[in-house]
Ligand SMILES: [Zn+2]
């Protein structure tokens, strides 16, 4: 691992927000410190080359996994990535399955999201003065389709290329955590027709959209949620075990997705702020 050098070393075009399993084996990784008007991101960022693209990794929970989902500085993570030049972001995450057919080891590429979080800043453009003295305007961004269609297509193609028949679409319900759902909550989520439940998918997706970044979620089911299983309910040990068993496979898929992401974006993610003045310059 080498220390960050000049500007060229601080440049990337694809961001991955996930665990250490995704970069720990890369040969030549550059570690850099990034600060933002929202404070520091979850940890130092790691930059490496995959499939001819420069990729920046953010360890979402910090490298010691010291940040629970509700304390992650999502704004700093996204801002830091954009400040390096990143325009496409992949967000792998662990989720619980809300249907019995989405058992452990299922990979789902959601196309919808329901926000059930409670106390997380979820906008850069909230009218509040920032630490650097600048003040954003209030902006309302379209979020009808929260995920990048090109990124989703690339993720599904990459999974299938690795013989992983990923579920195309579905709704990710994002809860505040860090506790898991009660059985009643879980049954309610399932009864709404939602597919999986996680703790980090929001506000990551909307903050990416506000910065005109493409964002794609890859949700790995590590357990059946409390309402969908008949045992003792979800345990952290169970989640970690299934994640460990699938992380290598998910890494292969992610790296393949990187190579499949279009170099020239033709989706609408890059014009999310069109016609609105955010009042602050994006990095
Ligand atoms: Zn896009």
Of the criteria (1) in a helix (DSSP H, G or I); (2) surrounded by fewer than 24 Cβ atoms within 10 Å (Cβ to Cβ); (3) more than 14 Å from the chain's Cα centre (by Cα), which one residue 141 fails
(1)
Taking the criterion of being within 16 Å of the chain's Cα centre (by Cα), touching a residue at least 12 places away in the same chain (Cβ under 8 Å) and not in a loop (DSSP other than H, G, I, E, B), would at least one residue in the range 222-235 satisfy it?
no
For the range 210-224, indicate whether the set of residues that are away from the ligand (no atom under 16 Å from the Cβ) and out of contact with any strand residue (DSSP E or B) (no Cβ under 6 Å at 6 or more places or on another chain) is non-empty.
no
Hey, does the range 213-224 have a residue that's out of contact with any helix residue (DSSP H, G or I) (no Cβ under 7 Å at 6 or more places or on another chain) and under 23 Å from residue 255 (Cβ atoms)?
yes
If you go through the range 51-69 one residue at a time, do you hit one that is buried (at least 18 other Cβ atoms within 10 Å of the Cβ) and in a helix (DSSP H, G or I)?
yes
When you scan the range 229-251, do you find a residue that is within 16 Å of the ligand (Cβ to nearest atom), out of contact with any strand residue (DSSP E or B) (no Cβ under 8 Å at 6 or more places or on another chain) and more than 17 Å from residue 16 (Cα to Cα), even just one?
no
Taking the options 76, 9, name whichever one is away from the ligand (no atom under 16 Å from the Cβ), over 21 Å from residue 257 (Cβ atoms), at pLDDT below 95 and not in a loop (DSSP other than H, G, I, E, B).
9
Looking only at the range 182-205, decide whether some residue is outside any strand (DSSP E or B), in contact with a strand residue (DSSP E or B) (Cβ under 7 Å, 6 or more places away or on another chain), closer than 30 Å to residue 135 by Cβ and within 15 Å of the ligand (Cβ to nearest atom).
yes
Filtering the range 145-168 for residues that are within 16 Å of the ligand (Cβ to nearest atom) and in a loop (DSSP other than H, G, I, E, B) leaves a count of 4
Residues within the range 118-144 that are more than 16 Å from the ligand (Cβ to nearest atom) and without any contact (Cβ under 8 Å) to a residue 12 or more places away in the chain, tallied:
4
How many residues does the range 70-83 hold that are touching a strand residue (DSSP E or B) at 6+ places or on another chain (Cβ under 9 Å) and surrounded by fewer than 19 Cβ atoms within 10 Å (Cβ to Cβ)?
0
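The values are calculated or read from the model by the stated rules, or taken from the named source; none is laboratory data. Quick caveat: nothing in here was measured; it's all calculated off a predicted structure. When we count neighbours, we look across all protein chains shown, and the Cβ atoms used for this are built from the backbone with ideal geometry, even at glycine.
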